[in-house]
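Enquirer: For reference, the structure I am asking about is given below.
The values are calculated or read from the model by the stated rules, or taken from the named source; none is laboratory data. In this text, all values refer to a predicted model and were calculated from it rather than measured experimentally. A quick note on method: Cβ atoms are made from the backbone with ideal geometry, for glycine too, and the neighbour counts reach across all protein chains shown.
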Amino acid sequence: MATQNSNFPILAVSNRHLAAHPFLDQIERVCQAHPAALILREKDLPAEDYKTLAIRVLPICQQYNVSCILHTFWQDALALGCTCIHLPLPLLRSLAGADGTALEKLAGFSVIGTSVHSVDEALEAERLGATYVAAGHIYVTDCKKGLAPRGLKFLQTVCKSVSLSVYGIGGIKFDPAQWQELESAGAAGGCIMSGMMEL
């Protein structure tokens, strides 16, 4: 699946602090745009609150046939029947066995993502069993004020270094010309947070 009027896969990333509407209404608006998936990020929520939110978000995603990727709380994701998870790299690393491969605990997931900020991290993520990485930040973004973007050459290098899917993140908008730049750099798709939360 892709966002409407585009063949370039976009992952929507949630941030309830940026939502233009009540959060569940915002999630429905996002799903109506048909992104390839929704990452329910909300990383400041404690586990129990996150699980409660996930229980409410998952049916909305299912209604619109949008994959929901839960974040961090992998045990709750499995308990809820969600087979897609995005783990911070340090957590993915901590779940790795002595041989450097992800523990069998993650075997229930068909999709395992993580965020990376260097080629070495992307290579490590691949070694640890990730199926995709979000690499960034690529463009100037308010989410990383004062930090220079890593740019398209960085993205291209990451894409050439690993065989898993690489999604650009950071400063990505609803801009087909920008999406073409990402695709030309080798990205499998892009991640949009702010734009999705403003729909």
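Enquirer: If the requirement is being aliphatic (A, V, I, L, M) and under 28 Å from Lys160 (Cα atoms), which of these qualifies: Ile60, Ile85, Ile55?
Expert: Ile85
Enquirer: Related question: Criterion first (surrounded by 18 or more Cβ atoms within 10 Å (Cβ to Cβ), under 13 Å from the mean Cα position of the chain (by Cα), of a type outside the set (A, V, I, L, M) and at pLDDT 95 or above) does Gly171 satisfy it?
Expert: Criteria not met by Gly171.
Enquirer: Here is a follow-up. Which of the residues that make up the stretch 130-151 are of a type in the set (Val, Ile, Thr) and surrounded by fewer than 24 Cβ atoms within 10 Å (Cβ to Cβ)?
Expert: Passing the criteria: Thr131, Val140, Thr141.
Enquirer: Kindly indicate which of Ala107, Ala125 is over 16 Å from the mean Cα position of the chain (by Cα), part of a helix (DSSP H, G or I) and more than 25 Å from Cys31 (Cβ to Cβ).
Expert: Ala107
Enquirer: Moving on to the next point. If a residue must be in a loop (DSSP other than H, G, I, E, B) and either at pLDDT 95 or above or within 26 Å of Asp76 (Cβ to Cβ) (or both), how many such residues does the stretch 138-150 contain?
Expert: Residues that pass the stated criteria total 3.
Enquirer: Say whether the condition of being surrounded by 14 or more Cβ atoms within 10 Å (Cβ to Cβ) and more than 19 Å from Gly195 (Cβ to Cβ) is met by at least one residue in the stretch 6-17.
Expert: Checking the stretch 6-17: not a single residue is surrounded by 14 or more Cβ atoms within 10 Å (Cβ to Cβ) and more than 19 Å from Gly195 (Cβ to Cβ).
Enquirer: Go through (1) without any contact (Cβ under 8 Å) to a residue 12 or more places away in the chain; (2) within 20 Å of Lys43 (Cβ to Cβ) and name the single condition Ala148 misses.
Expert: Only one criterion is unmet by Ala148, namely (2).
Enquirer: Would you check which residues across the stretch 155-183 are touching a helix residue (DSSP H, G or I) at 6+ places or on another chain (Cβ under 8 Å) and part of a helix (DSSP H, G or I) and list them?
Expert: Once the filter is applied, which keeps residues that are touching a helix residue (DSSP H, G or I) at 6+ places or on another chain (Cβ under 8 Å) and part of a helix (DSSP H, G or I), the stretch 155-183 yields Leu155, Thr157, Val158, Ser161, Glu181, Leu182.
Enquirer: Assuming His17 fulfils every condition listed in (1) touching a Leu at 6+ places or on another chain (Cβ under 8 Å); (2) closer than 19 Å to Ile172 by Cβ; (3) not polar (S, T, N, Q) apart from one, which condition is it?
Expert: Failing condition for His17: (1).
Enquirer: Check Pro35 against each of (1) assigned to a helix (DSSP H, G or I); (2) in contact (Cβ under 8 Å) with a residue 40 or more places away in the chain and name the one condition it does not meet.
Expert: (1)
Enquirer: Output the number of residues of the stretch 44-100 satisfying the condition of being aliphatic (A, V, I, L, M) and in a helix (DSSP H, G or I).
Expert: Count: 13.
Enquirer: Regarding Ile112, is this residue modelled with pLDDT of 95 or more and either assigned to a strand (DSSP E or B) or of a type in the set (Asp, Glu) (or both)?
Expert: Spelling it out, Ile112 is indeed modelled with pLDDT of 95 or more and either assigned to a strand (DSSP E or B) or of a type in the set (Asp, Glu) (or both).
Enquirer: Also, quick follow-up: Could we say that Ser67 is polar (S, T, N, Q) and touching a Phe, Trp or Tyr at 6+ places or on another chain (Cβ under 8 Å) here?
Expert: The answer is no for Ser67.
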